[in-house]
Each structure stands twice: as structure tokens, then as C-alpha cells.
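The values are calculated or read from the model by the stated rules, or taken from the named source; none is laboratory data. Keep in mind that this is a model prediction, so the values were computed, not measured. Cβ sites come from the backbone with ideal geometry, for glycine too, and all protein chains shown count toward neighbours. Please note that ligands, DNA and RNA were not included when accessible areas were found on the heavy atoms of the full protein model with its side chains. Shrake-Rupley method; radii C 1.70, N 1.55, O 1.52, S 1.80 Å.
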Amino acid sequence: MRGPFGRSGSGPPAFEGASESPPDGPAESLPDGKAGRLSRDRDLAGGLIAGVWVEPALFSAGECARLSALIDAAARDRPAAGGDLAGRVRDPRVRACETLWLDDEPATAWAFERLAHLVAGANAAAFGFDLDAEPFIEGALIARYPGTMGGHYDWHVDRARRGPAARRKLSVSVQLSPADGYEGGALTLNAEGHEVTLDRALGTAAVFPSFVLHRVAPVSLGARVALVAWAHGPRLR
Ligand SMILES: O=C(O)CCC(=O)C(=O)O
Ligand SMILES: [Fe+2]
């Protein structure tokens, strides 16, 4: 056990085939629209810890590497950091990181399907929110927090008063960096009046209501990469 978010016991892998590489093309769809790679009768392996659903090994090491390579490639191809690659966010006192927006398209559908499976399961088991049928209309965000820019994201909530973020109900964050690939960079959440820090293990995901306060501590060495997405729904129910 490594603190409150540590894994207890060694249960079965979170998902069928989680250690395999994702297919290169679009994931096969089942008639009900769920991902072909996910077994429909398989429960999630995670659980609720201090108001946060913690899912171990949502993605395999290979899948995490494949996702974090996307932001490395974007930085290489577009060093000027415009458009999708925001480079630095406006107020570096609040947030300093590189970002890459992902659309749900054939090349990334496998990741969105995994996120959807997680959100649906965690919501059914723990939150009971009304969610839209189409969960990730904003796409997903890869955030990279390099120690060289003091990468961090200060205390905040993900819901906004206006725009698409006003309909955010559940937030998801997945650890895409190996735990020993950076120093600092802890994702800390306060859902129930005290702070808890997410397990750093590669592929671990947190699902939490988008009104929950959370922050990413400054990275002092290396870089931390996370995949972030939001499931939407009608307000306050
Ligand atoms: O990096 C993370 O794990 C969380 C990022 C975050 O809180 C956000 O983008 O809203
Ligand atoms: Fe956030």
C-alpha cells in the first residue's frame, strides 16, 4: 500500500487484454456501441477512495507510451506552439504545461472507448449522475508538465460558469508517465474536506466530480504527462 490511493491486493487486470498494444485501426464495435476490446461483463477493478474513483491500470504501459508520444510528436512538429499545442497557458502562476487536444477519431477511438467504459462504470457504481449519451464532446487533453518550465496546475475545479465546461460532470485523469519519470507533479484532490494524492503508477486513472478541487504540484525533474477528459451532462442532477 502506498497511501490512501495505493492498490490493495493484486486483483485481476482491469481490462481484458490490457497488456496488449491497441489495434492500429478503429476498435471493432459491438452492436450496442461498446468497444470490441472491452469485455462487457467485466467489472472495473477500482473503487471509491475519499470521493474519487481510482482505477488501476486503465491503460497498459505500451498504451500510455503511445498516447504520450502524441504530445512529443506535436512539440517536435510544431515547436512554435500554436493552435492545438498551447505551449504555455496564459497565467503561469496558475498553470504551466503543454497541451494537445485529441479528437475522437479512428486513430484514438480505442482510448476514448476505454475512457467511456471507465466513466460509465464508475458513474454507475459511485456517482449516479445524469450524463449525456455522448460523453466526451470536448475531446480529450494530453497535458505535459515539464520540470524545465516548473510544470504545474494550481488548485481549481473543472466546471466553468459558461461554455462547454459548464456542463462538465465527471473529470478523468490518467497517469501517462512512469512513476520514476518525474519528481513532484502529484495530482492531489480534495473531494471530502481532506487532501488525497493519486497513485503515481503508470496507467492509473482517477474519476471525480468536476466540482471537486484538485491540483498538480510543480514538477521539479523530468516531466509528467496526463490524459484528461470530461463527461458532460445536465447540471446538478
Ligand atoms: O494533470 C492532471 O492530472 C489534471 C489536469 C487538470 O486538472 C485539468 O486539466 O483540468
Ligand atoms: Fe482539472
Just checking, which of L141, L131 is at pLDDT 95 or above, open to solvent by 40 Å² or more (accessible area, probe 1.4 Å) and either not in a strand (DSSP E or B) or not basic (K, R) (or both)? L131
Matching entry among A217, A206, A186, A165 (being more than 9 Å from ligand 1 (Cβ to nearest atom), closer than 21 Å to G46 by Cβ, under 17 Å from the mean Cα position of the chain (by Cα) and not β-branched (V, I, T)): A186
Just give me the residues in the stretch 199-237 being within 11 Å of ligand 2 (Cβ to nearest atom), crowded, with 23+ Cβ neighbours inside 10 Å and hydrophobic (A, V, I, L, M, F, W, C), in sequence order. A206, F208, V216, A226, A229, W230
Counting only residues that are open to solvent by less than 20 Å² (accessible area, probe 1.4 Å), more than 10 Å from ligand 2 (Cβ to nearest atom) and assigned to a loop (DSSP other than H, G, I, E, B), how many does the stretch 147-179 have? 3
How many of the residues in the stretch 117-128 are out of contact with any Phe, Trp or Tyr (no Cβ under 7 Å at 6 or more places or on another chain), open to solvent by 10 Å² or more (accessible area, probe 1.4 Å) and on the phi < 0 side of the Ramachandran plot? 6
Does T197 satisfy being in contact with a Pro (Cβ under 7 Å, 6 or more places away or on another chain), modelled with pLDDT of 95 or more and of a type outside the set (A, V, I, L, M)? no
Could you grab me the full set of residues in the stretch 154-188 that are in contact with a helix residue (DSSP H, G or I) (Cβ under 9 Å, 6 or more places away or on another chain), of a type in the set (D, E, K, R) and closer than 30 Å to P234 by Cβ? D158, R159, K169
Residues of the stretch 98-146 that turn out to be of a type outside the set (S, T, Y), within 15 Å of ligand 2 (Cβ to nearest atom) and free of Cβ contacts under 8 Å to residues at least 60 places away in the same chain, as a count: 1
Can you find a residue that is more than 25 Å from G233 (Cβ to Cβ) and within 12 Å of ligand 1 (Cβ to nearest atom) anywhere in the stretch 134-149? yes
Checking P209, P164 in turn, the sole residue that is modelled with pLDDT under 95 and within 25 Å of H117 (Cβ to Cβ) turns out to be P164
Does the stretch 206-237 hold any residues that are outside any strand (DSSP E or B) and among the aliphatic types (A, V, I, L, M), and which are they? V212, A217, L236
